[in-house]
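Trainee: What follows is a structure written as structure tokens; I'll ask about it next.
The values are calculated or read from the model by the stated rules, or taken from the named source; none is laboratory data. Given the structure is predicted, the values throughout are model-derived calculations rather than measurements. Please note: Cβ atoms are built from the backbone with ideal geometry, for glycine as well, and neighbour counts cover all protein chains shown. Just the protein is used for accessible areas: all its heavy atoms, side chains included, with ligands, DNA and RNA removed. Shrake-Rupley method; radii C 1.70, N 1.55, O 1.52, S 1.80 Å.
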Amino acid sequence: MKNALLVAAAMVLGGVAAADAADLPRPSYVKAPRLEATLYDWTGFYVGVNAGYGVGRNLTSSGFTGTIFNETNRLAPQGGLGGVQAGYNWQAGNFGLGNVVVGVEADIQGADLNDDRCGIFALTNCTATGVRYAQRLGWFGTARGRIGLANGPVLSYVTGGVAYGGVRTSLSETTDSFATSETRTGWTIGSGVEAALAGNWTGKIEYLYLNLGTQTGAGTLLAAPTNFSSDIREHIFRVGLNYRVGGASYREQPVANWAGFYVGGNVGSAIARNDSTYGVAGTADPGRHELSPKGFIGGAQTGYNWQASNWVFGLEADFQGSTQRDNELCLVWCGIGGVPFLDDVTIDQRMTWLGTARARIGYSVGSSLFYLTGGAAYGNVRTTLVDTSNFGVFASQQVTSSHSRSGYVVGGGLESPANLFGLLGPNWTAKTEYLFVDLGSVTDVHTTIFGATFAHTSHLQEHIFRSGLNYHFNTPVVAKY
């Protein structure tokens, strides 16, 4: 939670500090019918810094070599990150799609994404009898291409290339342990939006997906040969500040008018990190695992803004449909060749819908609005527990439950005039934002085929990255470039 607040605050405060440092004038608002996209030239070198948050979704399997005692778990290293980047842009001109910008960028990050948990082998006492997993991504870097469309001092882009990083995974129990530590390589893809602040400075918000392949290792646990494999998949949310070396051909802009009602739509993606436990009901220390429903979201929002000079205050509500799902988890012992053994329980968890009601506070730098947001959140999670522990003799059991939960949301974003291939007028703006949602915990109880009562509890936490379009009924007033 603290990391999510720091990420959101860094984006807005960085923009405010840069603007104040340049002592921007406060001109009266000037109405203009359209935006000229030739004002700002993105060509040239830049260097910068960034900070953010990351969460993994790393499907991990382990077991005693040559036996039926195997389990599948989900490790989810999470934590803060920060680093530096450098790159070069070429503004290629107008090809009928707007001003195309292509570029290259490299970055190196220090990180503390880690997860430390006990496996499901320990159903009654994790501390005393469980196999404990620990995984950490301590650093990573990328070398990427970028291509985007520039709307004057605002650049929306997609990016992709190679990625590399240092990953350490260890397994341990009361008597034995082993670890694998290595530098892994893979690929990355993502998107973002960058906007001019003042002088040579720009600010950006960005999402990256890192795939570092599959890490494997072998050692000894409980005096028996043991192996593991773990898919390293990281989701990175970050904000950055860039300095354009050599300057930019940029004229200061009067502040846009953001006041009034607006409505709009949005699409994006979301990943959950639902820290979960599963074990005999009433057990003080059950086995732990991660459920991580992942998928697309889409919905509508409406809001109202008030403005005082560069400062913008607002209220916004939204409602989202979601395809998020995680059904890859096989708990306890999965057997040989797909034949279930002992307590073979799979869990299917879905986030079906969610919504928020939030306040916004932002600072307008010319036609771009950098903002923080926070408030109430609510949503529905549907969990299905399937017990097939029967050696093919007994019928499987299935328990499904649906919970509507409330909680809180915090985040931040960037909004600016939209120029979608020249098709939209001055009433339209585009936004990109990150939200962190916490909906508290839910618990489901079921009785296994063998008569034991088991409880499953998940703490519901969402990371959302989305983009949207807003229509402003007051016709936003902007400066003519």
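Trainee: Peptides 81-88, 434-441, 270-277: what's the order by average Cβ count within 10 Å, highest mean first?
Mentor: 270-277, 434-441, 81-88
Trainee: Another one. Using a 1.4 angstrom probe with every protein chain in place, what is the largest-first accessible-area order of V55, V100, V445?
Mentor: Per-residue accessible area, sorted high to low, gives V445, V100, V55.
Trainee: Still on this structure, please answer the following. Let me cross-check T346: its accessible surface, 1.4 Å probe, with only protein heavy atoms counted, in Å² to the nearest 10?
Mentor: Answer for T346: close to 50 Å² accessible.
Trainee: Would you work out if the stretch 181-330 is rounded, prolate or oblate? Take a ≥ b ≥ c from the square roots of the eigenvalues of the alpha-carbon gyration tensor; rounded if a/c is under 1.5, else prolate when a/b is larger than b/c, oblate otherwise.
Mentor: Oblate is the answer for the stretch 181-330, as a/c is 1.5 or above yet b/c matches or exceeds a/b.
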